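Enquirer: The structure follows.
The values are calculated or read from the model by the stated rules, or taken from the named source; none is laboratory data. Keep in mind the model is a prediction, meaning the values are calculated, not measured. Glycine also receives a Cβ, built like all others from the backbone with ideal geometry; neighbour counts cover every protein chain displayed.
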Amino acid sequence: MGERSFVSRIVSSFLAATVLTVAAASMVACSKDDGPADGKFTVDFPSVAEAVSVDKIQVFVFDAQDNPDLCHQLVQGRSTGGQFPTEVNKRPVVQLATPVTFAVCDLVKSPDSVTLPAVTFGDRAVVVVGTSLNQDKLIGCQPVTTGAGDLDKPIPLSVIGDTDLTHSSCQTLRQHCDGNCS
């Protein structure tokens, strides 16, 4: 009987903690504050070779309200002409914040410092550009709805055109960033 009571208290404590966590998350998610929010995000590199071929990551956020084709157009414009289009589907393209730039190694060495630019809540297109020596090498875009918290979808990157990639013996980005490759 004593063992069952102990297990019951553990389960009850766990359930109470879960309810508090869900309630707290709900309060944040249901907040009426439409003020700026930033959050963490995940970059999905096609391979380690692509990850180690860039030294910087740039993050741009655009207003994608009622513009489901925006990501495709942003990636196409930046990939072919080096700049984002100013208009898509007869609507102006609105960049919502100053882009942020991180060293690619920040993704593994100091991931808490890698956040989206602060933007208001809503439908957004998040564009990530990987650069090396100030030349675009990788690009990706993810349509998201920003709110309080982190993005739940990774941002997949693709190689731009016939980009030459750095040859490396690294098996992981962390290994590259720690300088442990031959």
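Enquirer: Within region 68-82, identify whether any single residue is under 14 Å from THR131 (Cα atoms), surrounded by fewer than 20 Cβ atoms within 10 Å (Cβ to Cβ) and at pLDDT below 90, and answer yes or no.
Expert: Checking region 68-82: at least one residue is under 14 Å from THR131 (Cα atoms), surrounded by fewer than 20 Cβ atoms within 10 Å (Cβ to Cβ) and at pLDDT below 90.
Enquirer: Now, a different point. Assuming GLY161 fulfils every condition listed in (1) modelled with pLDDT of 80 or more; (2) more than 17 Å from VAL75 (Cβ to Cβ); (3) part of a loop (DSSP other than H, G, I, E, B) apart from one, which condition is it?
Expert: (2)
Enquirer: Within region 129-138, which residues are touching a strand residue (DSSP E or B) at 6+ places or on another chain (Cβ under 7 Å) and surrounded by fewer than 22 Cβ atoms within 10 Å (Cβ to Cβ)?
Expert: THR131, ASP136
Enquirer: Sort through GLN83, GLN73 and tell me the only one that's outside any strand (DSSP E or B), over 19 Å from the mean Cα position of the chain (by Cα) and not hydrophobic (A, V, I, L, M, F, W, C).
Expert: Sole residue among the options that is outside any strand (DSSP E or B), over 19 Å from the mean Cα position of the chain (by Cα) and not hydrophobic (A, V, I, L, M, F, W, C): GLN83.
Enquirer: Filter region 109-124 for residues that are among the small types (Gly, Ala, Ser) and in a strand (DSSP E or B) and give the result.
Expert: GLY122
Enquirer: Can you tell me which residue is nearest to VAL52 (Cα to Cα) among those in region 84-119 that are of a type outside the set (A, V, I, L, M, F, W, C) and touching a Lys or Arg at 6+ places or on another chain (Cβ under 9 Å)?
Expert: Going residue by residue through region 84-119, those that are of a type outside the set (A, V, I, L, M, F, W, C) are 85-87, 89-92, 95, 98-99, 101, 106, 109-113, 115, 117.
Now narrow it down to the ones that are touching a Lys or Arg at 6+ places or on another chain (Cβ under 9 Å): 85, 101, 109, 111-112, 115.
Values: PRO85: 28, THR101: 16, LYS109: 14, PRO111: 16, ASP112: 20, THR115: 20 Å.
Step by step, filter region 84-119, then rank; the result is LYS109.
Enquirer: Provide a single number: the residues in region 83-96 that are farther than 10 Å from GLN73 by Cα and touching a residue at least 40 places away in the same chain (Cβ under 8 Å).
Expert: Selection size over region 83-96: 0.
Enquirer: Which ones in region 99-120 are among the acidic types (Asp, Glu) and exposed (fewer than 15 other Cβ atoms within 10 Å of the Cβ)?
Expert: ASP112
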